[in-house]
Amino acid sequence: GFFEMDLEGHFTFVNNSVSNILGYSAGEVIGQNNTICTDPADGERMNRIMDRVRRTGKSDRLSDFRVKRRDGDIVPVEMSIYLMKNEAGQPIGLRGMIRDISEKIKSDAEKRKLEKQLMQAQKMEAIGNLAGGIAHDFNNILMGMQGNASLMLLNMEEDHPHFEKVKTIERYVEGGAALTKQLLGFA
C-alpha cells in the first residue's frame with residue numbers, strides 16, 4: 001500500500017491496498033492521525049522514526065512494525081517512510097509504502113517447524129545408524145564366542161566339570177543375539 005501524511009502525521013492520501021490492510025475506507029482514514037492505526041506498543045517508535053525522517057531527510061524502513069485494523073486485529077507489516085519536499089526543498093510531509101507480512105510470518109514459522117522436524121529426523125537416522133553399527137559389531141563378537149563355545153563342546157563330555165558352564169555361555173550368547181536383532185530392528 002501507498003500513503004502520504006502531512007508533517008504532523010495526518011493522512012492526506014491512502015490507496016486501496018492501505019485501506020484493505022487497515023480495514024478502513026480511504027475516506028475514513030484521510031485527515032486522521034496515524035495513531036488511528038498504529039499499535040500502541042509501536043506508537044512511540046513510529047513517532048521517533050517520523051521525527052528522524054523529518055529531521056534528517058533520510059528515508060527509514062521498518063521490518064517489524066504492527067498496525068491496528070479497524071476491527072482491532074493487529075497486523076504485522078513492513079514499512080518504508082520518505083520525506084516529501086516542495087519545489088523550494090522545504091519538507092511538506094511524509095510518503096510511505098506498507099506491506100502486510102502476515103503470510104510471510106506464517107510461512108517462516110512453518111519453515112522453522114519443518115526444519116526442526118527435519119533435524120529431528122536426521123538425529124533419529126544418526127541414532128539408527130549408530131545402533132545398527134553397534135549391533136553388527138556386537139553380533140560379530142557374539143558369533144566368535146558362540147563358535148568357540150561350540151568347538152569346546154565338541155570335545156567335551158557331559159560329565160565334564162565345565163560342560164554346564166559352557167552350555168550357559170551358549171545360552172547367554174543366544175540372549176545377546178536376540179538383543180542384537182532388536183537393535184537391528186530399531187536401526
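The values are calculated or read from the model by the stated rules, or taken from the named source; none is laboratory data. Model, not experiment: these values are computed from the prediction. Please note: Cβ atoms are built from the backbone with ideal geometry, for glycine as well, and neighbour counts cover all protein chains shown. These accessible areas exclude ligands, DNA and RNA; they are computed on the full protein's heavy atoms, side chains included. Shrake-Rupley method; radii C 1.70, N 1.55, O 1.52, S 1.80 Å.
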Seminar exercise, completed: Log entry, pairs with first residue in region 1-30 being farther than 17 Å from ASN86 by Cα, second being among the acidic types (Asp, Glu) and loosely packed, with under 15 Cβ neighbours inside 10 Å, beta carbons closer than 9 Å, six or more apart or on different chains, reads GLY23/ASP71; GLY23/ASP73
For this session: Considering every residue within region 1-9, establish whether at least one is part of a helix (DSSP H, G or I), under 12 Å from ILE98 (Cα atoms), open to solvent by less than 40 Å² (accessible area, probe 1.4 Å) and touching a strand residue (DSSP E or B) at 6+ places or on another chain (Cβ under 6 Å).
Result: no
Exercise. Quick one: how many residues across region 144-187 are farther than 27 Å from ILE134 by Cα and acidic (Asp, Glu)?
Worked result: 4
Exercise. Here are some conditions: (1) touching a strand residue (DSSP E or B) at 6+ places or on another chain (Cβ under 9 Å); (2) of a type in the set (A, V, I, L, M); (3) outside any loop (DSSP other than H, G, I, E, B); (4) open to solvent by 30 Å² or more (accessible area, probe 1.4 Å). ALA109 meets all but one. Which one does it not meet?
Worked result: (1)
Exercise. Which of the following residues is in a loop (DSSP other than H, G, I, E, B) and not basic (Lys, Arg): ASP64, ASP42, ASP51, ASP71?
Worked result: ASP71
Exercise. Among (1) farther than 30 Å from THR35 by Cα; (2) surrounded by 11 or more Cβ atoms within 10 Å (Cβ to Cβ), which single condition is LYS116 missing?
Worked result: (2)
Exercise. Which of the residues belonging to region 42-89 are under 31 Å from the mean Cα position of the chain (by Cα) and among the β-branched types (Val, Ile, Thr)?
Worked result: ILE49, VAL67, ILE74, VAL75, VAL77, ILE81
Exercise. Under the condition of being assigned to a helix (DSSP H, G or I) and among the hydroxyl-bearing types (Ser, Thr, Tyr), which residue from region 10-39 is farthest from ILE98 (Cα to Cα)?
Worked result: THR35
Exercise. In region 119-132, which residue that is in contact (Cβ under 8 Å) with a residue 40 or more places away in the chain and either open to solvent by less than 100 Å² (accessible area, probe 1.4 Å) or in contact with a His (Cβ under 6 Å, 6 or more places away or on another chain) (or both) is farthest from LYS181 (Cα to Cα)?
Worked result: GLY128
Exercise. Which of the residues that make up region 11-22 are out of contact with any Ser or Thr (no Cβ under 7 Å at 6 or more places or on another chain) and surrounded by 17 or more Cβ atoms within 10 Å (Cβ to Cβ)?
Worked result: PHE11, VAL14, VAL18, ILE21, LEU22
For this session: List the number of the failed condition for ILE92; all other conditions in (1) under 30 Å from ARG69 (Cβ atoms); (2) more than 41 Å from the chain's Cα centre (by Cα); (3) open to solvent by 100 Å² or more (accessible area, probe 1.4 Å) hold.
Result: (3)
Problem set entry | Unmet requirement for GLY147, which otherwise passes all of (1) within 39 Å of the chain's Cα centre (by Cα); (2) open to solvent by less than 90 Å² (accessible area, probe 1.4 Å) | (1)
Problem set entry | One residue from ARG48, ARG54, ARG70, ARG99 being of a type in the set (Lys, Arg), free of Cβ contacts under 8 Å to residues at least 40 places away in the same chain and open to solvent by 20 Å² or more (accessible area, probe 1.4 Å) | ARG48
For this session: Would you check if there is a residue in region 174-182 being modelled with pLDDT of 90 or more, in a helix (DSSP H, G or I) and open to solvent by 90 Å² or more (accessible area, probe 1.4 Å)?
Result: no
